Amino acid sequence: MRSEAQALLLSLALLVGNAAAAEPASAPTRQQVNAELDQLRADPELGGTHKQKTLRLKEQDPFKKTPKKAEPNPFLSWMRDFSRWMTDAGRVMVWALAALAVALFVVGLRHWVRVRAGRVKGVGAKLPSHVRDLDIRPESLPEQIGAAAAALWQRGEHRAALSLLYRGALSQLVHQHAVPIRAASTEGECVALAAARLAPERSAFFGRLVRAWQLAVYGARLPESSSVLALCAEFDSQFRTVHAA
C-alpha cells in the first residue's frame, strides 16, 4: 500500500510537470489538482497531518530588572555581634573566676598548712629546762621572784640575786611568752629573740637585766645597788602576765 501511494505521488508530480511543460490549453485544472490532493490526504498510509513540539531556550527580557537582595538590618547585625561577643566574654570570665578560685584555694591551703605545722611543731617541741647551766624550770623558782632576789641582794648574795632575776626572766619568756630560746642560746640571742615577741617596754627591761647580769659575770664587777633593787621591784610587774605582748 505504501508503494502504491508513493507511485501515486510520483504520477501526480509527473502530471504537474508535464502540464507545466505542455501548452496552457493541456494544463490540469484546479479542480483536478484538488481532487488528486484529497485522494492523497485520504490515504491512510500517508498518515495525514500531525503536530510536533520542540524545546528551545527562553529569551530573557533585557529590560526586566533582577530583584535585589534585601539589605541587612544594621541593628540586627549589631545585636548578633554583641551577642557573640557576650558569649565569648562570658566564657573568658568563667575561666578567669575559676583560676582565681583555684589560686585563693591554694594560698589558703598553704597558709593553713603553715599554721597547722607551726602549732604541731610548737606542741611537739621540747622546752629547755636549762639555758647554759641555768635552771629555768618554773618549779625551781619562787613565786615572787623580784622580792626573793631583793632579799638575796640585801643579804650580800649579789651573784645569786642577779642569777635569780635572769633565770626567772628566761623561764617566763620560754613558758609564758613562747620565746624560742634554746639551751645553748647566748645572752645576746635571748635579747634579740625577746625583742621580736615582747612589747618595747618589757623588752627594754629585759635588756637592762641582762646587762646587769653580764656585768657581774663577765665584767667581774657588780652594778649599783639602786639599779639592781629597781630591777627587783619592777620584775614582778613586767612578768606577772601569762600572755605575750
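Table for the structure above
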read-out: Residues of region 128-157 classified as open to solvent by 20 Å² or more (accessible area, probe 1.4 Å) and touching a Pro at 6+ places or on another chain (Cβ under 9 Å), total; value: 1
read-out: Which listed residue is open to solvent by less than 50 Å² (accessible area, probe 1.4 Å), over 19 Å from residue 232 (Cα atoms), modelled with pLDDT under 90 and out of contact with any helix residue (DSSP H, G or I) (no Cβ under 9 Å at 6 or more places or on another chain), from 125, 117; value: 125
read-out: Enumerated helices (runs of 4 or more DSSP H) restricted to region 144-198, each holding at least 1 residues that are farther than 23 Å from residue 225 by Cβ; value: 158-175, 187-197
read-out: Pairs where the first residue, in region 28-47, is aliphatic (A, V, I, L, M) and the second is surrounded by 12 or more Cβ atoms within 10 Å (Cβ to Cβ) and modelled with pLDDT under 70, C-beta under 6 Å, 6+ apart; value: 46/5
read-out: Meets criteria (open to solvent by 20 Å² or more (accessible area, probe 1.4 Å), farther than 14 Å from residue 149 by Cβ and at pLDDT 90 or above) for residue 234; value: no
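The values are calculated or read from the model by the stated rules, or taken from the named source; none is laboratory data. Just so you know, these numbers come straight off a predicted model, no measurement behind them. When we count neighbours, we look across all protein chains shown, and the Cβ atoms used for this are built from the backbone with ideal geometry, even at glycine. Only protein heavy atoms, including side chains, enter the accessible area calculation; ligands, DNA and RNA are left aside. Shrake-Rupley method; radii C 1.70, N 1.55, O 1.52, S 1.80 Å.
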